[in-house]
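Visitor: My questions will all concern the structure given below.
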Amino acid sequence: MTDLTPLTALRDRDPRSARFGAVTLSEKSDLSLASLYIGAGRTKPHPFGLDLPDIGKISNAKDHSAFWVGPNQWMIERKSPSECDFAAEVKAQAPETAVTEQSDGFVCLELEAPEDAMTALLAKLINLDPHSLTPDTAVHTGLDHMTVFVLRRSVTRLDFIGMRSYADSLWHALATAAARMNNLDT
Amino acid sequence: MSRISGGIINRDAPISFSFNGQNYQAFEGDTLASALLANGVQLVGRSFKYHRPRGILSAGSEEPNALVQLGRGARLEPNARATVTELYEGLTANSQNHIGPLKRDLMAINDLFAPFLSAGFYYKTFMWPRAFWEKLYEPAIRRAAGLGRLSFKPDPDQYDKGFLHCDLLVIGGGAAGLAAALTAGRAGAKVILADEDFHFGGRLLSESYTLGDALALEWVETVLAELNSLPNVRLMPRTTIFGVYDHGIFGAVERVGDHLPTPHKGLRQTLWRITSKQSILAAGAVERHIPFANNDRPGVMLAGAMRAYANRWAVTPVQSARDPIAIFTNGDDGHRTALDLLAKGVELLGVIDTRADAPRFGDYEVFASAKVSDSKGRHGLAAIEITHKGQPKWHKVGALGVSGGWNPNVHLSSHHRGRPIWDDDLLAFVPPKDGPKGLIPAGAAAGRGCTGDALSTGMNAAITALGILGLPAHKISLPETLSEAHKQEAFWHVPATAVDKKRQRKRAWVDFQNDVTVKDIALAHQENMRPVEHLKRWTTLGMATDQGKTANITALAVMAELTGKTIPETGTTIFRPPYTGVSLSVLGGGDIGQNFRPKRLTPTHKWACTRGAVFVEAGQWMRAQYFPKPGETHWRQSVDREALAVRAGVGVCDVTTLGKIDLQGKDATEFLNRIYANMMGTLPLGKVRYGIMLREDGALYDDGTCARLGENHYVVTTTTANAGLVYRKMEFAHQCLWPELDVQIISATDAWAQLAIAGPRSRELLARINDGFDISNEAFPFMSCAELTICQGLSARLFRISFSGELAYEIAVPARYGNALIERLIEIGQDLGATPYGTETLGVLRIEKGHAAGNEITGQTSALMLGLGNMVSKKKDSIGAIMSRRGEMATESKRLVGLRPINPNDPVVAGSHLLKLGSVLSLEHDEGWITSACYSPHVGSAIGLGYLDRGDARIAEHIIAANPLEGQNIRLEVVSPHFIDPEGERLRD
């Protein structure tokens, strides 16, 4: 175990969290990510029992889930309590695929809000019909000039997975929208 | 006071406001315009060019005259239309475009010089003498230009943005819009109903008639109550749809806080991007006026607006309630105003109707076949001259309503360059057939302005729109309406009497805001500026903030009369966004100041902040530029110290921003061979190779390194600037050019924190964190790479590469550990002289070494110019390889050289042009340019890199670096681009 102390994407020891009325914004620093690619025409593997989903969808299997990120390419994710070589674990599950560790490449910010508030908030964040973003839907879109994956975990929970270097700007965008909706200062 | 009975104002909620420092009272529901009229204020501003006294002309967003400055201090807003400014407690407004008091504007002298200020006077007058332009004419014109003035202070309010999606967007909440929204809403479609007004209802709020058994307002309230109860309908009052864009996208501004004394939490307006599958244009119509001599006096108003003020706001536009009002019309609509005013007990002089068979609908006098031929009144209308049966006669009036017909609001329908179509019956342009796809006109906007027609066309438009979407919709029960008289004749302006020269000198205004008169149009005709595009630019017609909403068609009619053509033959005015003015603040969507654009922070950002780093923007990245130490007062001191520390000991620099692309797959090697110009297929496992990529045209695209981590696993680095572009190029090549290749391409730039450890003691420093991996020169020579662990088990990647020319490494760790790693390296390397360095020093070191960067790889340079022509392999094909061998590129003679001043104290300025000693400083003798320059603490003078004709054969030659911008001509010596270690021994040590 290394003696270096890691920082979260928002550059703190502990993940950040804030509440804006009924909306809670939290940094999820315990998400392991690895991209998985299969060559064109190859049969989809089932790492961790996952059915690799079609465009725009999330599939879940116990502790793991997967969402589509490109032609023949998915992101596999798992909540991991501590550091691990997630790419190696994925590769072990799907040896014929190309796997790249992405846990440190992204920041995951989670929004929790009642359904109505979530719908109103989405209108201020991304150019998608909130009603089309049903639970277990994942989209790759733009938010405040940044590229993000938006994952609807449930009616009341939404994850924004953006590039790690944009973590502060992504937090600012989400916090500003949540605060404005509740007439609060950021 | 001219307040009358009725109206949709809340008399239990009085509001205080001020205009030009005078306090007034009005009521909730008033606009600034209705409130001013209620207080007997007719004079509200001055015209643009002649500074003529002006009053309120309309009751809507088409207003050309009543432009005021709202607010004060940083919230000062110029050119606000009083007619759409919702009154609130404490509102402060001031008139604009005058020097001295509004009534005694010193600039009114312009009106005396009107004969010299006619259309086109700019183009003719300011041509000579030429020398006067810059110092006299331009400053004077700039001072005179514009109406209101900006505060020049930062905007204190906030703006927001958002996205909405619906099945049907209904633009306009009048009779047609409400019927459409109700039809679609009941059918279950997702509907957005938007109206620029703060109260839905459109003209229904301004008319006195009934719908079915109820007043129009009651029907409006009933429909709104139902629409509000439907979860699939979103009502958006105070929202202007200002533009129609491709693919069913509409731009809209919602005025969230403009009607509040201070916007709540500072949020003033929201910019909405609405995506709608279908849309209905129910934006109503704008009334035309009829130009006559001196028709611009305060008190002259559109008759429909006069009706609106009377019915909705319970005011008449007279200074005193006893002043009589007259109506001048060419159709039946003017008579409706007369009837409504009579019903309100207003003193009515009568209706001056241009038609010989003018009807009479009530108990008032009708002047048939008559015209208003002149007016009097200094700051407000006092009298009009009616020419009836050939005899002019003056009549005292306090206001005049003018009705020249109605123009459908076709603006949005022509935003895709659709040309409106002339309708001979309506005497107006109606929306084009080739307008935006999915946009269906209805109601007055479609030329169907009678209430019954508006309701039914709105309903039918909704049924049609939903039918296209496959959503069944049914007819709704519409209220019964009375038939409305709407005959009119084509009468466009009152011509000056040909025999009366005094009258010929008088002016009749067509475009009030830009002071364009009938005479100006005649002059344009005389000057052969007859096409509508020329007419517009020559006279400035329709080019003011109101876009000529009340003027354009009348101007076309006048020109048509002059040319003897029909109006559609004369031309068609089309429009472009925005429909009404949109502030730049809201277009920015609130992204101002530090939030103007997102920032990317490096993994060591926190540590760099604690070290007092000065940051510089590199694209969206914030990179540490240098790390000043106490006592260093100039950036050069810090940078010189950092550069010398690297050359003497060891320095550490965050180079995470360089692009990192992970490639895997059995065809990864072949893929890279096709992407890179040099050979990558022979790269052994555990090795790194410098590579160059070319554009399709053969020019240099990017450079970087390629490391082979596994049999089918590579990591490519790119320049910071081109990280995204190279990744995109690779994706394009894979998906479109060579989809058969089995390769995964994915960016890993953010996943790894990468630090450069450079300097003769870098190996020693690295050894202190290394868990035991053999980094000796023998085991891990220059251009090696490996995966290892450091700091007791942390997975890392090590690359022995050098941008500085020194013994150097780049080490990559998971991004979360980047901050701790640099902290550790500097801490444990104190005795080795470990020094953090930033981008400025990075630049100095690479220039000293002669390494190319973005300054050298500009998109106009080639591998040959960099001296890397041989790297473009002929043993394989790659993107751009063949094109790089074409004539001009293959014979390009410029080569990268180093440059050093003969006098060590002289500067070397990047961008300077290189010339032979003694040659004339001209482009013909230009031999190249300086690409990069810096002060080199190693050399002891400024140095530079540059491209010079046959540069490689001119080492030791003296040349001139010309910098004409600053009058500099510096003598330089041409040297090797490698100022340090030309043999490359240090980095291989």
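The values are calculated or read from the model by the stated rules, or taken from the named source; none is laboratory data. Small disclaimer: the values here were computed from a predicted structure and weren't measured. Cβ atoms come from the backbone with ideal geometry, glycine included; neighbour counts cover every protein chain shown. Each accessible area value is taken on the protein alone, full model and side chains, heavy atoms only, with ligands, DNA and RNA left out. Shrake-Rupley method; radii C 1.70, N 1.55, O 1.52, S 1.80 Å.
Visitor: Filter the range A:111-124 down to residues that are open to solvent by 10 Å² or more (accessible area, probe 1.4 Å) and more than 8 Å from every other protein chain (Cβ to nearest Cβ) and give me whichever is nearest to the chain's Cα centre (by Cα).
Guide: By that ranking, first place goes to A:E112.
Visitor: Oh, and also: Being over 22 Å from B:D167 (Cα atoms) and touching a helix residue (DSSP H, G or I) at 6+ places or on another chain (Cβ under 8 Å) narrows it down to one residue among B:P436, B:P441, B:P420; which is it? First the steps, then the outcome.
Guide: Values: B:P436 fails: over 22 Å from B:D167 (Cα atoms); B:P441 fails: over 22 Å from B:D167 (Cα atoms).
The conditions single out B:P420.
Visitor: Name the helices (runs of 4 or more DSSP H) wholly inside the range B:43-157 in which the number of residues that are under 32 Å from the mean Cα position of the chain (by Cα) and at pLDDT below 90 is 3 or more.
Guide: On the way: elements: B:109-112, B:121-125, B:138-144.
Ranges flagged: B:121-125, B:138-144.
Visitor: If you don't mind, another one. Filter the range B:1-42 for residues that are open to solvent by less than 10 Å² (accessible area, probe 1.4 Å), over 30 Å from B:L112 (Cβ atoms) and part of a loop (DSSP other than H, G, I, E, B); which is modelled with the highest pLDDT?
Guide: Only one residue tops the list, namely B:D30.
Visitor: Need a quick list: strands (runs of 3 or more DSSP E) entirely within the range B:195-269 having at least 1 residues that are touching a Ser or Thr at 6+ places or on another chain (Cβ under 9 Å). Outline the logic, then answer.
Guide: Numbers: elements: B:233-236, B:239-245, B:249-255.
Those strands (runs of 3 or more DSSP E) span B:239-245, B:249-255.
Visitor: With the structure loaded, tell me whether B:L478 is part of a loop (DSSP other than H, G, I, E, B) and touching a Leu at 6+ places or on another chain (Cβ under 7 Å) or whether it fails that test. Give the derivation first.
Guide: Details: part of a loop (DSSP other than H, G, I, E, B): yes; touching a Leu at 6+ places or on another chain (Cβ under 7 Å): yes.
In short, yes.
Visitor: Would you confirm, using the coordinates I've provided, whether A:S26 is in a strand (DSSP E or B), in the same structural domain as A:S154 (by TED's automatic domain parsing) and over 14 Å from A:E89 (Cβ atoms)?
Guide: Working: in a strand (DSSP E or B): yes; in the same structural domain as A:S154 (by TED's automatic domain parsing): yes; over 14 Å from A:E89 (Cβ atoms): yes.
Taking the combined requirement at face value, the residue satisfies it.
Visitor: Any chance you could count how many residues in the range B:344-355 are under 22 Å from B:Q319 (Cβ atoms) and either within 48 Å of the chain's Cα centre (by Cα) or assigned to a strand (DSSP E or B) (or both)?
Guide: 7
Visitor: Right, something else. In this structure, is B:S413 outside any helix (DSSP H, G or I) and in contact with a strand residue (DSSP E or B) (Cβ under 7 Å, 6 or more places away or on another chain)? Talk me through it step by step, then tell me what you get.
Guide: On the way: outside any helix (DSSP H, G or I): no; in contact with a strand residue (DSSP E or B) (Cβ under 7 Å, 6 or more places away or on another chain): yes.
It is false that B:S413 is outside any helix (DSSP H, G or I) and in contact with a strand residue (DSSP E or B) (Cβ under 7 Å, 6 or more places away or on another chain).
Visitor: Right, something else. Among the acidic types (D, E) and in contact with a His (Cβ under 9 Å, 6 or more places away or on another chain): is that true of B:E848 in this structure?
Guide: On the way: among the acidic types (D, E): yes; in contact with a His (Cβ under 9 Å, 6 or more places away or on another chain): yes.
When the stated conditions are applied, B:E848 passes them.
This table checks each residue for (1) open to solvent by 10 Å² or more (accessible area, probe 1.4 Å); (2) at pLDDT 95 or above; (3) touching a Cys at 6+ places or on another chain (Cβ under 9 Å).
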position	(1), (2), (3)
B:V639	no, yes, yes
B:A645	yes, yes, no
B:A648	yes, yes, no
B:Q664	yes, yes, no
B:A677	no, yes, no
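Visitor: Which ones in the range B:776-820 are surrounded by fewer than 23 Cβ atoms within 10 Å (Cβ to Cβ), part of a strand (DSSP E or B) and not hydrophobic (A, V, I, L, M, F, W, C)?
Guide: Answer for the range B:776-820, where residues must be surrounded by fewer than 23 Cβ atoms within 10 Å (Cβ to Cβ), part of a strand (DSSP E or B) and not hydrophobic (A, V, I, L, M, F, W, C): B:S784, B:E787, B:T789, B:S795, B:R797, B:Y809, B:P814.
A quick yes/no check of all residues on (1) closer than 30 Å to B:E196 by Cβ; (2) within 14 Å of chain A (Cβ to nearest Cβ):
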{"site": "B:P568", "(1), (2)": "yes, no"}
{"site": "B:Y579", "(1), (2)": "yes, no"}
{"site": "B:S583", "(1), (2)": "yes, no"}
{"site": "B:G593", "(1), (2)": "yes, yes"}
{"site": "B:W607", "(1), (2)": "no, yes"}
{"site": "B:V616", "(1), (2)": "no, no"}
{"site": "B:R641", "(1), (2)": "no, no"}
{"site": "B:G649", "(1), (2)": "no, no"}
{"site": "B:D662", "(1), (2)": "no, yes"}
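Visitor: Filter the range B:863-900 down to residues that are open to solvent by less than 20 Å² (accessible area, probe 1.4 Å) and touching a Ser or Thr at 6+ places or on another chain (Cβ under 6 Å) and give me whichever is nearest to B:L842 (Cα to Cα).
Guide: Of everything passing the filter in the range B:863-900, B:G898 is nearest to B:L842 (Cα to Cα).
Visitor: Okay, next question. So, B:G304, is that one of a type outside the set (S, T, Y), on the phi > 0 side of the Ramachandran plot and open to solvent by less than 20 Å² (accessible area, probe 1.4 Å) or not?
Guide: Values: of a type outside the set (S, T, Y): yes; on the phi > 0 side of the Ramachandran plot: no; open to solvent by less than 20 Å² (accessible area, probe 1.4 Å): yes.
Against the criterion (of a type outside the set (S, T, Y), on the phi > 0 side of the Ramachandran plot and open to solvent by less than 20 Å² (accessible area, probe 1.4 Å)), B:G304 does not qualify.
Visitor: Further, regarding this structure: What residue, among those in the range A:1-19 that are of a type in the set (K, R) and part of a loop (DSSP other than H, G, I, E, B), is farthest from the other protein chains (Cβ to nearest Cβ)?
Guide: Result: A:R16.
Visitor: For the range B:528-553, which positions are farther than 21 Å from B:T580 by Cβ and in contact with a His (Cβ under 9 Å, 6 or more places away or on another chain)?
Guide: Residues of the range B:528-553 that are farther than 21 Å from B:T580 by Cβ, as a first pass: B:528-535, B:537-539.
Within the range B:528-553, B:N528, B:L535 meet the criteria.
Visitor: For B:K153, work out the one condition from (1) under 26 Å from B:L439 (Cβ atoms); (2) open to solvent by 50 Å² or more (accessible area, probe 1.4 Å) it doesn't fulfil.
Guide: (1)
Visitor: Restricting attention to the range B:809-826, which residues are more than 16 Å from B:T717 (Cα to Cα), more than 10 Å from chain A (Cβ to nearest Cβ) and small (G, A, S)?
Guide: Scanning the range B:809-826 gives no hits.
Visitor: May I ask you to list the residues in the range B:776-800 that are within 14 Å of chain A (Cβ to nearest Cβ) and under 19 Å from B:G704 (Cα atoms)?
Guide: Here is the first cut: in the range B:776-800, the ones within 14 Å of chain A (Cβ to nearest Cβ) are B:787-797.
The one that is within 14 Å of chain A (Cβ to nearest Cβ) and under 19 Å from B:G704 (Cα atoms): B:R797.
Visitor: Quick check: is even one residue across the range B:481-492 under 15 Å from B:A551 (Cα atoms), open to solvent by less than 60 Å² (accessible area, probe 1.4 Å) and in contact with an Asp or Glu (Cβ under 9 Å, 6 or more places away or on another chain)? Walk me through it before giving the result.
Guide: Residues of the range B:481-492 that are under 15 Å from B:A551 (Cα atoms), as a first pass: B:491-492.
Those left that are additionally open to solvent by less than 60 Å² (accessible area, probe 1.4 Å): B:491-492.
Now drop any that are not in contact with an Asp or Glu (Cβ under 9 Å, 6 or more places away or on another chain), which leaves B:492.
Yes.
Visitor: Counting only residues that are on the phi > 0 side of the Ramachandran plot and open to solvent by less than 10 Å² (accessible area, probe 1.4 Å), how many does the range B:500-533 have? So that I can check it myself, show each step before the final result.
Guide: We begin by selecting, within the range B:500-533, every residue on the phi > 0 side of the Ramachandran plot; these are B:515, B:528.
Now narrow it down to the ones that are open to solvent by less than 10 Å² (accessible area, probe 1.4 Å): B:515.
Qualifying residue count, the range B:500-533: 1.
Visitor: Can you say whether B:R238 is over 22 Å from B:M459 (Cβ atoms) and open to solvent by 10 Å² or more (accessible area, probe 1.4 Å), as far as the supplied structure shows? Quick ask: steps written out before the conclusion?
Guide: Working: over 22 Å from B:M459 (Cβ atoms): yes; open to solvent by 10 Å² or more (accessible area, probe 1.4 Å): yes.
Spelling it out, B:R238 is indeed over 22 Å from B:M459 (Cβ atoms) and open to solvent by 10 Å² or more (accessible area, probe 1.4 Å).
Visitor: Next up: Across the range B:738-775, what is the number of residues that are within 14 Å of chain A (Cβ to nearest Cβ) and outside any loop (DSSP other than H, G, I, E, B)?
Guide: Residues that pass the stated criteria total 9.
Visitor: Scan the range B:534-557 for residues that are outside any helix (DSSP H, G or I) and either open to solvent by less than 10 Å² (accessible area, probe 1.4 Å) or touching a Gly at 6+ places or on another chain (Cβ under 8 Å) (or both) and report the count.
Guide: Total meeting the criteria: 7.
Visitor: Can you work out which of the residues in the range A:94-110 that are within 22 Å of B:A668 (Cα to Cα) and away from chain B (no Cβ under 12 Å) is surrounded by the most Cβ atoms within 10 Å (Cβ to Cβ)?
Guide: A:A94
Visitor: Need at least 1 residues that are out of contact with any Asp or Glu (no Cβ under 9 Å at 6 or more places or on another chain), among the hydroxyl-bearing types (S, T, Y) and open to solvent by less than 50 Å² (accessible area, probe 1.4 Å) per element, so show me which strands (runs of 3 or more DSSP E) inside the range A:126-186 make the cut, counting only ones lying wholly within it.
Guide: On the way: elements: A:137-143, A:146-154, A:157-163.
So the answer is A:137-143.
Visitor: Which count do you get for residues in the range B:577-626 that are modelled with pLDDT under 90 and either open to solvent by less than 40 Å² (accessible area, probe 1.4 Å) or under 15 Å from the mean Cα position of the chain (by Cα) (or both)?
Guide: Within the range B:577-626, the first condition is being modelled with pLDDT under 90, and the residues that meet it are B:588-596.
Now narrow it down to the ones that are either open to solvent by less than 40 Å² (accessible area, probe 1.4 Å) or under 15 Å from the mean Cα position of the chain (by Cα) (or both): B:588-592, B:596.
Looking only at that region, the number is 6.
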